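A short write-up of the structure that comes next.
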Amino acid sequence: MSGATLIRVHPLDNVAVAAAEEGLPAGTPLEGGAALREFVPAGHKVALEPIPQGGEVRRYGAVIGRALCSIEAGARVREEMLELPQPPPLDKLCAPHAPPPELEPLEGFTFDGYRNADGTVGTRNVLAITTTVQCVAAVVEHAAARIRRELLPRYANVDGVAALTHAYGCGVAIDAPNSEIPIRTVRNLALNPNFGGELLVVSLGCEKLEPQRLELPSAELPLVRLQEAPDGSFEALLGRILELAEQRLERLNARRRVPCPASGLVVGLQCGGSDAFSGITANPAVGFAADLLVRAGATVIFSEITEVRDAAHLLAARAASADVVEDLRREFAWYDAYLARGGADRSANPTPGNRRGGLVNVVEKALGSVAKSGRAPLAGVIAPGERAARHGLLFLAGPASDFICGTLELAAGMNVHVFTTGLGTPYGLPACPVIKVSTRTSLARRWPDLIDFDAGPIATGGMTLEEAGWALFRLILDTASGRRTWTERHGLENSLVLFNPAPVT
């Protein structure tokens with residue numbers, strides 16, 4: 001069912017979403033002769049038929065909960081009416097009997113990028129300064145500001161300076177189990193293709209995360225240890241950082257964009273400020289574009305482990321091999337145990353804003369979130385902090401936090417980010433373009449200078465899913481070629497946040 005008032009995603013659904021931006025008043029007629037029994041805000045659910053106590057409440061053709069009380073046709077379906085179902089049991093996950101068919105190749109699509117010596121391709125040309133410890137963050141931020149002000153105007157082909165600061169490096173159990181996650185994240189952030197291989201590291205000198213632990217691929221790692229500078233003045237320290245930065249700016253400035261096949265793209269997908277329209281408009285449009293990217297040979301990364309946990313069986317059914325299913329099982333089991341150690345579970349995920357946007361629980365949220373992955377075979381699983389090691393559709397097993405997820409996708413090698421939102425967020429990342437996709441036209445109208453692509457017309461019939469997917473695919477190619485997103489124009493860059501499940505001492 002779709003139209004100006006209600007949207008039912010799947011024929012088996014017994015609830016539909018109020019589509020009208022102003023909500024639906026009591027008395028609005030439903031198919032079958034029933035009518036709304038009360039006002040229903042936009043994005044919230046309506047029972048299309050009587051649902052008995054204990055009965056299944058279905059959206060996306062799946063059970064999102066069981067009714068804790070009888071729900072009449074035309075009633076608004078609220079969170080407190082539903083019992084949260086158990087997540088799919090991990091021991092029941094299995095690979096399909098035959099590998100899912102590969103999507104038909106899509107040839108001839110290119111973008112203008114920066115080729116790197118290691119075979120990767122940058123979509124931006126940025127000087128990055130890596131840090132080993134939070135103690136040097138203020139110094140590096142200060143140095144980056146001076147580089148932008150004093151040096152960067154002379155290097156027109158360099159897009160910017162990224163200070164890769166973080167709250168890690170000391171006061172941590174550096175050899176504890178899982179401590180390798182933040183360490184390899186810091187290492188792989190420095191290797192992001194948008195940095196062109198020009199490494200520069202600033203260290204304090206007494207931290208636990210010593211520079212050699214990063215194992216960066218450079219025989220002569222350009223390193224400034226603040227505590228070991230021969231001239232102890234602060235200005236001399238800054239001067240040394242600026243001197244090393246200028247050497248790298250010279251080399252970066254000599255680079256030029258050249259035509260590159262779409263297979264050079266590593267596109268990270270994420271959602272934040274989600275609402276009930278996320279799984280109807282923006283995420284399916286991104287999923288269609290993701291399939292086009294995979295068909296063109298690109299790498300597509302989706303993440304947010306708690307937001308796909310309830311769709312684990314759907315991912316396993318698309319796994320390219322039994323090894324992929326085993327990797328999924330391992331990462332999901334680890335994360336289930338991680339949450340349990342903290343006295344939490346996946347039900348803690350939906351935010352107050354998600355609920356205001358019509359999402360009743362994490363199951364509904366997950367089923368809408370996984371739509372970003374399209375329908376391509378799942379080619380692999382990336383452990384948190386690791387780099388993507390192959391092309392195709394990959395799942396990154398990281399937390400659902402916008403900032404941790406974005407940081408991990410950068411470490412995985414992402415060179416373009418696509419971010420869907422229903423409620424709106426100014427989220428941005430350093431050194432990587434973020435394409436912001438709205439689930440509703442009302443958000444695009446309210447924030448015309450923050451939303452890059454409006455998927456809202458899908459809900460009203462003003463645009464088909466296929467049209468939206470192709471338009472988004474072309475926008476990704478244009479952005480990879482240098483078209484600036486709104487977050488770039490405004491200079492919006494959220495801080496990097498490392499995922500550190502190890503103890504802090």
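The values are calculated or read from the model by the stated rules, or taken from the named source; none is laboratory data. Values in this document were obtained by computation on a predicted structure and should not be read as measured data. Methodologically, a virtual Cβ is constructed for each residue, glycine included, from the backbone with ideal geometry; neighbour enumeration extends over all protein chains shown.
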Selection within region 70-101 - of a type in the set (D, E, K, R) and not in a loop (DSSP other than H, G, I, E, B): R76, E79, E80, E83, D91, K92
Qualifying position, being under 30 Å from V17 (Cβ atoms) and surrounded by 19 or more Cβ atoms within 10 Å (Cβ to Cβ), among A262, A298, A290: A290
Every residue from region 349-403 that is part of a helix (DSSP H, G or I), touching a residue at least 40 places away in the same chain (Cβ under 8 Å), out of contact with any Phe, Trp or Tyr (no Cβ under 9 Å at 6 or more places or on another chain) and not polar (S, T, N, Q): G353, R355, R356, V362, V363, K365, A366
Near pairs, Cβ below 8 angstrom, 6+ apart or cross-chain, from region 79-91 (within 14 Å of D310 (Cα to Cα)) to any residue that is of a type in the set (V, I, T) and surrounded by 14 or more Cβ atoms within 10 Å (Cβ to Cβ): L84/V362; L84/V363; P85/V63; P85/I64; P85/V363
Any chance F453 is under 11 Å from the mean Cα position of the chain (by Cα) and of a type in the set (F, W, Y): no
Residue that is farthest from P85 (Cα to Cα) [pool: residues in region 312-336 that are in contact with a helix residue (DSSP H, G or I) (Cβ under 7 Å, 6 or more places away or on another chain) and either among the aliphatic types (A, V, I, L, M) or not assigned by TED's automatic domain parsing to the domain that holds L394 (or both)]: A319
Selection within region 12-23 - modelled with pLDDT of 95 or more and over 29 Å from the mean Cα position of the chain (by Cα): L12, N14
Residues located in region 102-143, provided they are assigned to a helix (DSSP H, G or I) and either exposed (fewer than 15 other Cβ atoms within 10 Å of the Cβ) or over 26 Å from the mean Cα position of the chain (by Cα) (or both): C135, V136, A138, V139, V140, E141, H142, A143
Tally of residues being part of a strand (DSSP E or B) and within 29 Å of the chain's Cα centre (by Cα) across region 55-69: 7
Any hit, region 301-308, residues being surrounded by 16 or more Cβ atoms within 10 Å (Cβ to Cβ), touching a Ser or Thr at 6+ places or on another chain (Cβ under 7 Å), hydroxyl-bearing (S, T, Y) and not assigned by TED's automatic domain parsing to the domain that holds R154: no
Residue match in region 145-161 (condition: within 18 Å of V497 (Cβ to Cβ) and crowded, with 22+ Cβ neighbours inside 10 Å): no
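This table checks each residue for (1) in contact with an Asp or Glu (Cβ under 7 Å, 6 or more places away or on another chain); (2) at pLDDT below 95; (3) under 30 Å from V46 (Cβ atoms).
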site: V294; (1), (2), (3): no, no, no
site: E326; (1), (2), (3): no, no, no
site: G342; (1), (2), (3): no, yes, no
site: N349; (1), (2), (3): yes, yes, yes
site: G374; (1), (2), (3): yes, no, yes
site: L393; (1), (2), (3): no, no, no
site: P399; (1), (2), (3): no, yes, no
Residue within region 437-447 that is assigned to a loop (DSSP other than H, G, I, E, B) and over 28 Å from I7 (Cα atoms) present: no
Any hit, region 35-47, residues being of a type in the set (G, A, S) and touching a residue at least 60 places away in the same chain (Cβ under 8 Å): yes
Qualifying residue in region 203-216 (condition: buried (at least 16 other Cβ atoms within 10 Å of the Cβ), within 23 Å of the chain's Cα centre (by Cα) and modelled with pLDDT of 95 or more): no
Residue in region 15-30 that is within 10 Å of G74 (Cα to Cα) and charged (D, E, K, R) present: no
Test set (1) more than 28 Å from R390 (Cβ to Cβ); (2) not assigned by TED's automatic domain parsing to the domain that holds C206 - S263 fails condition number: (1)
